[in-house]
Amino acid sequence: MKLSPSFISVTYGAGGSNQDASFNLIDYINNKIGLVTMAHYTCVNATKDKVKQDLDFFHEKNIENLILLRGDPPKGEKLFSNRAGDFHYASDLIDFAAKQNRFCIAAAGYPEAHPESESSDTDIAYLKQKVDKGAHFLVTQLFFDNAYYFDFVDRARKAGITIPIIPGIMPITNFKQIKKFTQMCGSKIPDELVQQLQPYQEDLARTYDIGVDFSIKQCRELLDKGAPGLHFYTLNKSRATVDIYSSIK
């Protein structure tokens, strides 16, 4: 609260596994604490009736901001099939929600391309579909090399995407954990950073110092070169975000 963020986001469990906890937390933060809240919402095996019901809940609770995602395959499945649902892509979900004219909608962007995309060009084409269907701004997947972000923004602009593209930052506080994340989402950790972190992967305090220092430099460059803001993936470890903010404000 001391940082006065424009909004905070609350994640949504794959397949709705922790939907009640997620929805209750969204309601609490937005309406009891008073921080503007953006709800993650996915369409894994979701029917139109279920999505309509959930969007009605958000509207009734004065949740105006959503980030709409396809979501990961259900546990035990490697490929996204959505056999039990009415939505196959994030753009389908965005289209459905946007037609209600009740929400500010964010969508995800992938500076290093979505792992399932055939190429970076097709990835931008899919991104354009999300925008054309009603996304108001974009939040990127985590990345560690700013060159990917600036190239991504440039390609998006050339494709006619004019909405804000907010870079997603994940401070490294646990090297083993971040390696798993990057393997899942297709992001790369620069070799130089790996070499700094590798000797200290069992030393969380040293890892924290290295990770936060890297993020500070990364964030400063992003802002200096025109990024419209920063979105931090805190993983419920907000101290790193507070330390980074204190250094760049």
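The values are calculated or read from the model by the stated rules, or taken from the named source; none is laboratory data. Just so you know, these numbers come straight off a predicted model, no measurement behind them. Note that we place each Cβ from the backbone using ideal geometry, even for glycine, and neighbour counts take in every protein chain shown. These accessible areas exclude ligands, DNA and RNA; they are computed on the full protein's heavy atoms, side chains included. Shrake-Rupley method; radii C 1.70, N 1.55, O 1.52, S 1.80 Å.
Things worth noting here:
- Filtered residue count, the range 207-231, keeping only those that are closer than 16 Å to Ser246 by Cα, among the small types (Gly, Ala, Ser) and more than 17 Å from the chain's Cα centre (by Cα): 1
- Any chance Met170 is within 16 Å of the chain's Cα centre (by Cα), of a type outside the set (Phe, Trp, Tyr), open to solvent by 80 Å² or more (accessible area, probe 1.4 Å) and closer than 25 Å to Lys130 by Cα: no
- Residue within the range 118-138 that is in contact with a strand residue (DSSP E or B) (Cβ under 8 Å, 6 or more places away or on another chain), under 26 Å from Ile244 (Cβ atoms) and crowded, with 20+ Cβ neighbours inside 10 Å present: yes
- Meets criteria (in contact (Cβ under 8 Å) with a residue 40 or more places away in the chain, among the hydroxyl-bearing types (Ser, Thr, Tyr) and open to solvent by 80 Å² or more (accessible area, probe 1.4 Å)) for Tyr245: yes
- The helices (runs of 4 or more DSSP H) found wholly in the range 1-101 and carrying at least 3 residues that are over 19 Å from the mean Cα position of the chain (by Cα), farther than 23 Å from His231 by Cα and at pLDDT 95 or above occupy 48-60.
- Counting only helices (runs of 4 or more DSSP H) that sit completely within the range 139-206, those holding 3 or more residues that are under 22 Å from His114 (Cβ atoms) correspond to 146-158, 175-185.
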